[in-house]
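See below for the structure under consideration.
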Amino acid sequence: MKKLFAMILATSVLYVACSDSDDVQPRPHPESISAVYLMDNEQQHNPINLVGGNSIFEYTGDKVIKRIGGFIVTNPATGLPWIYTKDVYDSVVYLNKNTIRIFAAINFEGRTIEPNEREITLEDDRPVRKITAIDLETGKRADTIFYYYDAQNRIERTEQHFDWIIITRTYTFNATGNLIKISGVIKNSGGVMYTTEETFGGYDDRPNPLKGLCLWPDYFYRSLSNNNFTTYTYIAEGAYFGVKEESRNWTLVYDSNGNVDYSK
């Protein structure tokens, strides 16, 4: 399985989609986000996504139209299988009020990359389905995520479907509207392959500037809470590999107004 290295979309529609209904704090559009804050343990996709690293965003009004910065494959003889370049980018196309498409491209003479197309379907201003594929028209190497919400308009459950595997995640929030746990079950036709538990903590008391920016998976976890977490743990347990554990922590940087600056 391959990790997916990309996620963030800042539109007025999607501020509603992944926010509590009573959360009306103004949140400025991020212009840049450091790769330090990337995280994506379980939203795995079949197509290789080459957009990642430090991200720079271009907007038209309230809508992001481009995410700039990513990786391209190099000659293995160099000892560096990937290099980061601002010539790689994701373009965002708003087909109508309920359909958004994202695809990768490159401004590099003589080089091409797979478009890694993604189509997001909205209902009631909330994403309810995302298809990721090499080719959306043919469905080649596609996977689909379905999103379900609770009465407070927060993510309650997601189901990700591949040809032979289903990943179900359940999301738990605390009383202050911050994500504290994600429980995952990964199944194939033979039953449960393994389970996961991800926990979040060390929240500050400042508004989260990434809240609601939830269309690319490497920032998805950071888009769900009112405040900003600084600790993270991941535990996966299965018969094939036993137990795998990971923990991460961050020291957040704040600007002169006391708001988190995710570009540093």
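Determine whether N96 is at pLDDT 90 or above, farther than 29 Å from D261 by Cα and surrounded by fewer than 14 Cβ atoms within 10 Å (Cβ to Cβ). Judged against the criteria, N96 is a match. Of the residues making up the stretch 201-222, one or more are in a strand (DSSP E or B), farther than 24 Å from R67 by Cβ and either open to solvent by 40 Å² or more (accessible area, probe 1.4 Å) or out of contact with any helix residue (DSSP H, G or I) (no Cβ under 7 Å at 6 or more places or on another chain) (or both). Residues that are part of a loop (DSSP other than H, G, I, E, B) and within 19 Å of the chain's Cα centre (by Cα) within the stretch 229-256 comprise F229, T230, W250, listed in sequence order. Residues that are touching a strand residue (DSSP E or B) at 6+ places or on another chain (Cβ under 6 Å) and open to solvent by less than 30 Å² (accessible area, probe 1.4 Å) were ranked within the stretch 231-259; the one that is nearest to A35 (Cα to Cα) is L252.
The C-beta contact set for the stretch 53-65 (first residue more than 13 Å from I102 (Cβ to Cβ), second residue open to solvent by 70 Å² or more (accessible area, probe 1.4 Å) and assigned to a strand (DSSP E or B), distance under 7 angstrom, 6+ apart or interchain) comprises G53/Y84.
Those strands (runs of 3 or more DSSP E) of the stretch 91-196 in which at least 3 residues are more than 16 Å from the chain's Cα centre (by Cα), considering only elements entirely within it, cover 99-106, 166-173, 179-188. Only one of the listed residues (G61, G53, G69) is among the small types (G, A, S), open to solvent by less than 80 Å² (accessible area, probe 1.4 Å) and modelled with pLDDT under 85. That residue is G53.
The values are calculated or read from the model by the stated rules, or taken from the named source; none is laboratory data. Remember, it's a predicted structure, so these values are computed and weren't measured experimentally. Every residue, glycine among them, receives a Cβ derived from its backbone with ideal geometry; neighbour counts consider all protein chains shown. For accessibility, only protein heavy atoms count, side chains too; no ligands or nucleic acids. Shrake-Rupley method; radii C 1.70, N 1.55, O 1.52, S 1.80 Å.
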